[in-house]
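Okay, so here's the structure we're looking at.
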Amino acid sequence: MKLLWFHLMPYTELPDDFREKNSSVWVDIDSKLFKPERAHRMYNEFMDELEYAAECGFDGICVNEHHSNGYGLMPSPNLIAASLARRTFDTALCVMGNSLALYNPAVRVAEEMAMIDCISGGRLIAGFPVGSAMDTCYAYAQNPSMLRARYREAHDLIIRAWTTEETFAFNGRYNQHRYVNAWPRPVQKPHPPIWIPGGGSVETWQWCAEMDYVYAYLSYFGFREGNATMQGFWDQMKELGKDPNPFRAGFLQFVGVAETREEARKLYKEAGEYFYGRCLHVDQRFTNPPGYTTEATIRAKVTSMMSLAAARAQVFAKAQEWDEILEKGYVIIGTPDEVADQLRNVATTLNVGHLMLLLQYGNMTRDVTQYNTRLFAEQVLPQIGDLFDNEWEDRWWPQPMPPEARATPHSLSQAAAP
């Protein structure tokens, strides 16, 4: 099994009365709450945490894209991934990902991701999300009824740019290019592995099967509620004649590890309540504009993760209490052995070979984040890291250049004299 350290980069200083004074953490959040000098410190601490996770031995580190919000401060995950490509050596870099319909021209994604793959020596995982309605339809003003068509066409252009050696013309509905000639090109051939982050769209499941891509379910509400969605995915795979290889799927889980369960309850309480009470304070009017959800998904009665978050934000007048968060399995906490047992159950029950872990969430401090990360890496990871390895092949993982062929970053002062 592959274990990936995921960072949302939340704004960690939303005020205590945030819910009372803001209708949503997304789209129309009060811009005066953003303090650039404080964000300077946050960004650098977040990047320290990602690099630390790589040093601790996680298989991959993940970044993602969001806009106009206090939930995640990464409008450009490529900027972060480019820095990580330079500052890490063996760890896979999972850009989860670029919302393709927002890029004009979409060939920009092909170029930037190829740069990251070249800098890293072939360690990129390319995530291609459709994007939340808040990011795409409201923050970036895309027509929801055209969003998926734009996305599919952008995908086709990027793949063709990566895999066609000759200069070619592309004449789509949304992208017209007389000359497509991608420089640079990715190290990995025919292209980096592609993962599709999603919240439960039937069309996304079918497309992952058709294209042989990983479906990555980014759940905020834990494995218990995620079970129905993952079962729907695997039912769809069976119907389409695909094998039940667990590496076809990824799943996101919040985790807090400590020496004792009581310590974990105390240590992660504030961060957990901050995330579910403030970072997920989403107004329902932004989550599902007409045309955004497809007919097949509506007929299947699949509720998107953001719609679910918004519905719950309306129900709870206050931040969700820690006991309820734990009882419902949103966050898994405990000793290393307890967490390992629970995550083994998550992976086998959901049949997921790529487990993405949120070990920093809400307003968790750098010290607590590093403690959580280190304890997980030292005492949990060894207990579950070999799950599925003897049964299935992971065909959706980066194939980097051999270590001896890769450059070792060093400063100019260390460089040999000419």
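Hey, can you list the DSSP H helices of the chain whose Cα span along the axis is 18 Å or longer and whose average Kyte-Doolittle score is at least -0.5? Working shown, then result.
Working: long enough: 36-56 (30 Å, -1.08); 107-120 (20 Å, 0.82); 147-163 (24 Å, -0.54); 222-239 (25 Å, -1.17); 261-274 (20 Å, -1.89); 336-350 (21 Å, -0.36).
Passing helices, by number: 107-120, 336-350.
List the cysteines of the chain that have no other Cys Cβ closer than 4.7 Å: which are they?
Cysteines of the chain left without a disulfide-compatible partner: 56, 118, 137, 208, 279.
Which distance in nm do the two modelled labels at residue 210 and residue 378 give, with both placed 7 Å along the Cα-to-Cβ direction?
Rounded to a tenth, the inter-label distance reads 4.9 nm.
Count the DSSP beta bridges whose two residues both fall in region 2-411, then state the antiparallel fraction as a percent rounded to the nearest 5.
Rounded to the nearest five, the antiparallel share is 10 percent.
Could you tell me how far the Cα centroid of region 205-235 sits from the Cα centroid of region 105-130, in Å?
23 Å
What ranking do 110-119, 152-161 get when scored by the average of other Cβ atoms within 10 Å per residue, highest first? Can you show the working numbers first?
Working: 110-119: 22.3, 152-161: 20.3.
Ranked by mean Cβ neighbours within 10 Å, highest first: 110-119, 152-161.
For a Förster distance of 41 Å, can you work out the FRET efficiency between the beta-carbons of residue 337 and residue 169, rounded to the nearest 0.05? Provide the component values of the computation, followed by the final result.
Values: r = 59 Å, r/R0 = 1.44.
Once the sixth-power term is evaluated, E becomes 0.10.
Suppose the chain between residue 45 and residue 260 were pulled fully straight at 0.36 nm per residue; how much longer would it get relative to their current alpha carbon spacing?
Details: separation 215, 0.36 × 215 = 77.40 nm, distance 2.65 nm.
Here the segment from residue 45 to residue 260 would lengthen by 74.7 nm.
Just to be sure I understand the model, the point goes 7 Å from the Cα along the line to the Cβ. What's the resulting residue 160 to residue 327 distance in nm?
5.5 nm
Test of understanding: ordering 268, 292, 103, 179 by Cβ neighbours within 10 Å, fewest first, what list do you get? Please list the in-between numbers first.
Numbers: 268 27, 292 22, 103 18, 179 8.
By the 10 Å Cβ count, ascending, the order reads 179, 103, 292, 268.
Using the beta-carbon distance between residue 90 and residue 228 and R0 = 41 Å, what value does 1/(1 + (r/R0)^6) give for FRET efficiency, to the nearest 0.05? Can you show the working numbers first?
Values: r = 36 Å, r/R0 = 0.88.
My answer for the efficiency is 0.70.
Quick check for me: using +1 on Lys/Arg Cβ and -1 on Asp/Glu Cβ, what's the dipole size of region 2-411 about its Cα centre, in debye to the nearest 20? Let's see the in-between values first.
Working: 39 positive and 52 negative charges, 241 e Å.
The calculation lands at about 1160 debye.
Sort 12-21, 243-252, 92-101, 374-383 by the packing proxy (mean of other Cβ within 10 Å over each peptide's residues), most packed first.
Numbers: 12-21: 14.8, 243-252: 20.8, 92-101: 26.5, 374-383: 18.3.
Going from most to least packed, we get 92-101, 243-252, 374-383, 12-21.
Is region 196-273 best put as rounded, prolate or oblate by its Cα gyration tensor, with a ≥ b ≥ c the root eigenvalues, rounded for a/c under 1.5, and otherwise prolate when a/b is larger than b/c, oblate when not? Walk me through the numbers on the way to the answer.
On the way: a/c = 3.23, a/b = 2.79, b/c = 1.16.
In terms of gyration-tensor shape, prolate.
Only residues of region 355-380 count here: report those whose backbone N is under 15 Å from the spot 7 Å along Cα→Cβ of residue 13, or say none.
Answer for region 355-380: 363-366.
Taking 8 Å as the Cα distance limit and 6 or more residues as the minimum spacing, I'd like the relative contact order of the chain as a percentage.
Numbers: 774 pairs, mean separation 90.7, N = 418.
Reported as a whole number, the value is 22 percent.
In nm, to one decimal, how far is the residue 401 label point from the residue 235 one, both placed 7 Å along Cα→Cβ?
Inter-label distance under the simple model: 4.7 nm.
Could you list 392, 205, 183, 162 so that the one with the fewest beta carbons within 10 Å of its beta carbon is first and the one with the most is last?
On the way: 392 16, 205 27, 183 7, 162 20.
Ordered from fewest to most neighbouring Cβ atoms within 10 Å, 392, 205, 183, 162 come out as 183, 392, 162, 205.
What is the Å³ per residue value for the convex hull set by the Cα atoms of region 317-380? Could you put the intermediate results ahead of the total?
Numbers: hull volume 7.0 nm³, N = 64.
With only Cα atoms used, region 317-380 gives 109 Å³ per residue.
Each value in this text was obtained by applying a stated rule to the coordinates, not by laboratory testing. None of the values given here were measured: they were computed from a predicted structure. So basically every Cβ, Gly included, is an ideal-geometry build from the backbone, and we count neighbours across all protein chains shown.
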